[in-house]
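Have a look at the structure below, then the notes.
A short reminder: the numbers here are calculations on the coordinates, not readings from a lab. Nothing here was measured: the structure is a model prediction, and the numbers come from that model. Cβ placement follows ideal geometry from the backbone for every residue including glycine, while neighbour counts extend to all protein chains displayed.
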Amino acid sequence: MGHPNERGETFTFRLDPTLKAAFMRAAAAEDKPAGELLRQLLRDYVARGRRQEFARQAQRQAMEAAAHAAVPSSDEAAVQRELDADLGQFDDQWK
């Protein structure tokens, strides 16, 4: 992302006049420039995409780990047994 004072590229697109008028009213109601709100919407959209990609990768890795943990001789299964034992001890201490 560029520095706020840097001049960036122009992004031109067509917009329904009714939607534009409603957006301009909403921007005015918040006393914010329409351009800044549009830039924030774009930043939020890109950030949401990054979060979704991170979640997809995390889910994929979790599924792979679960599949490996199902194999009793795997490292993942050994770690799961250790965690289960530790949680069992913790549970016993708090009964």
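Answer yes if at least one residue in segment 9-18 is surrounded by 10 or more Cβ atoms within 10 Å (Cβ to Cβ) and not small (Gly, Ala, Ser), and no otherwise. First the steps, then the outcome.
Taking segment 9-18 as the starting set, the residues that turn out to be surrounded by 10 or more Cβ atoms within 10 Å (Cβ to Cβ) are none.
Scanning segment 9-18 turns up no residue that is surrounded by 10 or more Cβ atoms within 10 Å (Cβ to Cβ) and not small (Gly, Ala, Ser).
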For this session: Read through the list (1) within 27 Å of the chain's Cα centre (by Cα); (2) not in a helix (DSSP H, G or I), then give the number of the only condition that Ser73 fails.
Result: (1)
Exercise. Failed condition for Ala69, given (1) out of contact with any helix residue (DSSP H, G or I) (no Cβ under 8 Å at 6 or more places or on another chain); (2) surrounded by 10 or more Cβ atoms within 10 Å (Cβ to Cβ), with all others met?
Worked result: (1)
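Going by the conditions given, is Leu37 exposed (fewer than 10 other Cβ atoms within 10 Å of the Cβ), in contact with a helix residue (DSSP H, G or I) (Cβ under 9 Å, 6 or more places away or on another chain) and of a type in the set (A, V, I, L, M)?
Numbers: exposed (fewer than 10 other Cβ atoms within 10 Å of the Cβ): no; in contact with a helix residue (DSSP H, G or I) (Cβ under 9 Å, 6 or more places away or on another chain): yes; of a type in the set (A, V, I, L, M): yes.
Taking the combined requirement at face value, the residue does not satisfy it.
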